[in-house]
Each structure stands twice: as C-alpha cells, then as structure tokens.
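Undergrad: Please find one structure pasted underneath; my questions will follow.
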Amino acid sequence: MLSAIVLVLVLLKAACGFIVTLDAHESMCFYDHANVSDKVTVSFEVMEGGFKDVGVEIAGPDDDRLHYSKQDTLGSFTFTAMKEGRYQLCFDNQMSTLTPKILMFQFHVARAIEFYMESSKRGDDVIEQAAVQSMINQLSAKLGAVKMEQEYMHFRYRGHLEVSDMVELRVLAWSIFGPMMLIITAVLEVYYLKQFFEVKRVV
C-alpha cells in the first residue's frame, strides 16, 4: 500500500507542467540538477501571443550550449546528461516589441538506472527494484507529455469558446438592430410621403 502511494506521488511530481507569461523584451530561465547518464526531457509550446514564437536556449554545466533558436513555436528535446551539474532552460521574448507570450513547458530530469542500484544514493527504501524505477521514469515522462497536451487543448477550447460567445452576441445584437432600423425607416418613409402628398388649402 505504501509503495503504491509513493508511486502515485512520483508520477504526479514528474507529470507537472508550467504555464508562464513572458512579457515583451523579457527573458526567463529555469534550472534543474542532473547527474551523469540522467535523461533530461524538455518540451514547450507557445499558446498565445503575436506569431506564437519565442527564443529557446538549453545549456548544461559550464554554460555548454546544447540547443539554441531565436524563434520557435513548439519543440521537444530529450538528451542524456554528459556532465553532472545544473542544467538550464531559458526563454526570451526579445523579438517582440509589445506582445507578451503565454507558453507551457515541461522540464523533467529522470535518474539513470544506476542511480537506484546503489542504496546509499536513494532517499527511500520503498522501491527496491531498479527496473521498476526505470519503468516509472519512462511512464512519468509519457504522463507528463499527455498532461501537457491536455492542458494545451483545454486552453485552446477556452479560446474558441470565447470567440463563439462573442460571435453569438454580435449575431443577437444585429438581429435586434436590423428589424428596429427597418421599422424606423418604414415609419419615416410613411411620414415623409404623407407630408409630401398632403394638400394645403388656402382659406
């Protein structure tokens, strides 16, 4: 029972994604520590703002640049850490002059199986099998990707719902405004014609 609870907590922790707002000319960096042979997974997607593009940079210890692009809308990268140390993920919105960007990303480090084979490196004694831990890591990464995709679809659904509500309001307003203008125009025309054909007698 305890192992099942720990398994659920590990999956929830690994599946978390982040949604941030990047203002114009702003840069934002995130960091995580990785050991040698750890699997580092980075995925992101710009959901709203301008042309939906941001600058992305992934760097390892000693400022080793692993990936860089000035304009990206979405991306997913998985690599094996060659050095132990702090890895960083940076987004920048330097290309935009006024428009902020809303983006969703996941930055996940999965420990190598060798890490769990040495009991002195583990912080718990619940999960004893290294093979089980390796499968948990893989499942966690996939669950995080699924959760991120669901959040993105929910965000798009809300955007489409707002557009639909706005269109419905405009159609309703026009359906009321159109007949009212038609009635007013008809009344004015009848009044004008009545005045035009009115015969004035001089007494």
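The values are calculated or read from the model by the stated rules, or taken from the named source; none is laboratory data. This structure is a prediction, so every number in the text was calculated from the model and none was measured. Each accessible area value is taken on the protein alone, full model and side chains, heavy atoms only, with ligands, DNA and RNA left out. Shrake-Rupley method; radii C 1.70, N 1.55, O 1.52, S 1.80 Å.
Undergrad: Being of a type in the set (Gly, Ala, Ser), open to solvent by less than 60 Å² (accessible area, probe 1.4 Å) and at pLDDT 50 or above is the filter here, so list the residues in the range 1-42 that pass it.
TA: GLY17, ALA24, ALA34, SER37, listed by residue number.
Undergrad: Return the residues of the range 33-66 that are over 20 Å from the mean Cα position of the chain (by Cα) and part of a strand (DSSP E or B); say none if nothing qualifies.
TA: HIS33, ALA34, LYS39, ALA59, ARG65, LEU66
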